[in-house]
Number of protein chains: 2
Amino acid sequence: MAGRTPNARPTLEMVAAAAGVSRGTASRVLSGAHNVSPSAVAAVHKAASELRYRPNLSARSLVTGRTGLVGLVVNESNDHLFSDPYFAEVARGAHDALSEADVAMVLTLAGDARERDRLIDLAALRLDGLLVIHGHSDLELVRGIERVHVPTVFSGRVPITGESHVWYVDADNRGGARAATEHLLARGCRTVVTITGPRDMAAGHDRHDGWVDAVTTAGLPADDTRLAVGDFSTDSGRAAMTDLLARVPDLDGVFVANDLMAVGALAVLAEHGRSVPADVAVVGFDDVEAARTSSPSLTTVAQPMADIGRRMAELLLTQLADTELAPIHEVLPTTLVVRDSA
Amino acid sequence: MAGRTPNARPTLEMVAAAAGVSRGTASRVLSGAHNVSPSAVAAVHKAASELRYRPNLSARSLVTGRTGLVGLVVNESNDHLFSDPYFAEVARGAHDALSEADVAMVLTLAGDARERDRLIDLAALRLDGLLVIHGHSDLELVRGIERVHVPTVFSGRVPITGESHVWYVDADNRGGARAATEHLLARGCRTVVTITGPRDMAAGHDRHDGWVDAVTTAGLPADDTRLAVGDFSTDSGRAAMTDLLARVPDLDGVFVANDLMAVGALAVLAEHGRSVPADVAVVGFDDVEAARTSSPSLTTVAQPMADIGRRMAELLLTQLADTELAPIHEVLPTTLVVRDSA
DNA sequence: CGCGTCAGTGGGAGCGCTCCCCTGGGATGA
DNA sequence: TCATCCCAGGGGAGCGCTCCCACTGACGCG
């Protein structure tokens, strides 16, 4: 009685029968009609919608070799990056671009080695491509992905030497940092220090370079005595600012490599009685919510996060369409958002 | 020359041949060996690993009717919930439980009607089940999902009347709110007001009820004059607190339905010269990062977010294994975390 | 010693689709 | 008028797998 398929989903065969054409013709109609008469097209569409036909994607995949599935990989061990607006925005941008192409996004974590291996397995098994939100540089991950030959686009520059087929989309971290620092200089700051991110993250590295660019161009010193290293967290920003205040008491401008650390720096500055921006001007990076709500509100560098995600998805689609393509590296512009802190 | 499959992936057939058994036997071995001799098991495993065999999941799905794909649905229109720790933690818990069962998680947004329809389409098309992180109650979404008969588990109570097959996992919002309010009462607060969340979110509704429970049990008034409604954002917490201070000047305890609003309330209290907790004691809900870093640090109700995700996944897996099961509603306990604000 | 039983195995059928080759017939050109 | 071309459409093959049924041979029991 109650078989395994009480009301079995209609198949292409049934649609074809209802439309009075063959399965082949119905297939042609349903996947971008070529060489089909208008009457057949109409009949098939009518039958399909009447029967509420939905193609069986497994069957399609079996023959096309495509799954229509793309992995969204986050390589952070804990949930910091995961609950981060950067992740959220990039994911949303990617989601939008992908869903327009009828591709679904599989969320995968690759924080530790076990998760990484599982991901690579999964990718080889059923994913057409990978979108990797690449926090700290994870060479193991890059190598693992290359080994299984799955088309991939990274967010953030991937610092690989040698012949590598890595595609990526990044914000212009260096240019943004340079612009931020130049803004400080233009305000009249003469002792511009920086709080950088971790060295093993391309974003941290590049933003540091941008600061160096601007400071040296202005003929000022950009050595390590004018710099403190944080880890992109608010607490590390506090610590770095405290450290810098002790080492460079006459500082009058700070470029902080992200907003969270900048908020920490702002708090320390206030505790030390330094008025912002009168005594010390501060510029952050990212333009997250906290930049608007801090006091004073934070001048910062905005990066087009949703666009990064969207562009990653588009490049992946391109790569999927032509696997032989040479790697593309795309750098998206940043914009300085001037608020009260500088 | 360069055909479409330069080095074609090995098939089960090839593994079977290499192991000297039939395809049927190889299949049996690879999917939980039953009635297979130890020697055959060993031979198949050896051949499979030597050939680096990976089953074609599309082929498997085609015959089993299962895709091994579960949708993770977020029904917020913007990225607020999406970048929220609640989402991050629930997603992580679900991810862990699911990946242990070799099920992948497809991230899907269902903020507006278009996205919702697309999701329902997608679900009917290729998803075995759905995990819905249900912010505001979206009846359209619930109905749409029921229509396509896809097993689903919601996060958060789903307030549906009538016969409905909804499964959900929720935190004990009402009990947590009651405990929070009782804590305020136990400290000696006599005029305990509340800032609630939106009425159309079950969490907002239930936390309000918990406050009512505790306040009325203490023989105190719990009417609408002692309450202000926010939308779970920091700004709305500020507004609500300002409003309450004007309407109930002698208030000495505030139960705020989430931490973000509580942080806003704390700021307003400070601006009005009310010392926390000496003049006014404040308790929040959620135990997010901000609760630890606010000043004073926030006493709050922690909910087991990762467990909610994990449990949702487990219930979905149960449901997948036996579709006839009656709906399960699970409520997970919360814990009061006492810090400085109360 | 013959029969039934049962673990172990082989292999056919078939999931629903796309691809591709083939046919039929109308339009075209000689 | 007849050969040629081409466009629509039909339908077989086959993707890689699981399911199931039938078969084999070893074993136990009457």
remark   = Result of the Cβ filter at 9 Å on the stretch A:11-30, keeping first residues that are basic (Lys, Arg) and partners that are modelled with pLDDT of 85 or more and more than 8 Å from DNA strand D (Cβ to nearest atom), at least 6 apart or interchain, is A:23/A:11; A:23/A:12; A:23/A:13; A:23/A:15; A:23/A:17; A:28/A:44
Check on residue A:283, touching a Ser or Thr at 6+ places or on another chain (Cβ under 7 Å) and closer than 23 Å to residue A:250 by Cα = yes
request  = Would you mind finding the one in A:270, A:291, A:306, A:214 that is small (Gly, Ala, Ser) and either at pLDDT 95 or above or part of a loop (DSSP other than H, G, I, E, B) (or both)?
outcome  = A:214
ask   = Hey, any hits in the stretch B:90-111 for a residue that's surrounded by fewer than 20 Cβ atoms within 10 Å (Cβ to Cβ), within 14 Å of DNA strand C (Cβ to nearest atom) and closer than 21 Å to residue A:102 by Cα?
value = no
ask   = Could we say that residue B:243 is surrounded by fewer than 21 Cβ atoms within 10 Å (Cβ to Cβ) and not in a loop (DSSP other than H, G, I, E, B) here?
value = yes
ask   = When only residues in the stretch A:59-68 that are within 11 Å of DNA strand D (Cβ to nearest atom) and out of contact with any helix residue (DSSP H, G or I) (no Cβ under 6 Å at 6 or more places or on another chain) count, which is nearest to residue B:119 (Cα to Cα)?
value = A:60
query = Which one of these does residue B:194 not meet: (1) within 28 Å of residue B:317 (Cα to Cα); (2) part of a strand (DSSP E or B)?
reply = (1)
task = Take the stretch B:116-125 and flag every residue that is touching a residue at least 40 places away in the same chain (Cβ under 8 Å) and within 11 Å of chain A (Cβ to nearest Cβ).
result = B:119, B:122, B:123
Per-region count, the stretch B:232-278, residues in contact (Cβ under 8 Å) with a residue 60 or more places away in the chain, over 28 Å from the mean Cα position of the chain (by Cα) and within 17 Å of residue B:299 (Cα to Cα) = 4
Residue among A:39, A:31, A:49, A:61 that alone is modelled with pLDDT of 90 or more and over 30 Å from residue A:155 (Cβ atoms) = A:49
task = Might you check whether a residue that is crowded, with 17+ Cβ neighbours inside 10 Å, touching a Pro at 6+ places or on another chain (Cβ under 7 Å) and under 19 Å from residue B:87 (Cβ atoms) occurs anywhere in the stretch B:289-299?
result = no
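For the stretch B:66-76, how many residues meet the condition of being at pLDDT below 90 and either facing chain A (nearest Cβ under 9 Å) or surrounded by fewer than 21 Cβ atoms within 10 Å (Cβ to Cβ) (or both)?
Residues that pass the stated criteria total 1.
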ask   = Scanning for something surrounded by 21 or more Cβ atoms within 10 Å (Cβ to Cβ), of a type outside the set (Gly, Ala, Ser), facing chain A (nearest Cβ under 10 Å) and farther than 19 Å from residue A:125 by Cα, does the stretch B:126-144 turn up at least one residue?
value = no
remark   = Note: among A:79, A:96, just one is more than 9 Å from DNA strand D (Cβ to nearest atom), under 28 Å from residue A:309 (Cβ atoms) and modelled with pLDDT under 90, namely A:79
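For the stretch B:97-188, which fully contained strands (runs of 3 or more DSSP E) count at least 3 residues that are basic (Lys, Arg)?
Correct list: empty, since no element meets the threshold.
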message = Of everything in the stretch B:18-58, what is within 9 Å of DNA strand D (Cβ to nearest atom) and within 14 Å of another protein chain (Cβ to nearest Cβ)? Give them in sequence order.
response = B:30, B:53, B:54, B:55, B:56, B:57, B:58
message = If residue B:151 meets every condition in (1) within 10 Å of another protein chain (Cβ to nearest Cβ); (2) within 17 Å of the chain's Cα centre (by Cα) apart from one, which number is that one?
response = (1)
inquiry  = Kindly evaluate residue B:8 against the criterion of being more than 16 Å from DNA strand D (Cβ to nearest atom), assigned to a loop (DSSP other than H, G, I, E, B), of a type outside the set (D, E, K, R) and modelled with pLDDT under 90.
reply    = no
Scope the stretch B:145-179; condition loosely packed, with under 15 Cβ neighbours inside 10 Å and either basic (Lys, Arg) or modelled with pLDDT of 95 or more (or both); matching residues = B:147
query = For the stretch B:14-61, what are the residues that are within 10 Å of DNA strand C (Cβ to nearest atom) and of a type in the set (D, E, K, R)?
reply = B:23, B:28, B:60
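The values are calculated or read from the model by the stated rules, or taken from the named source; none is laboratory data. All values reported here derive from a predicted model rather than from experimental measurement. Cβ atoms come from the backbone with ideal geometry, glycine included; neighbour counts cover every protein chain shown.
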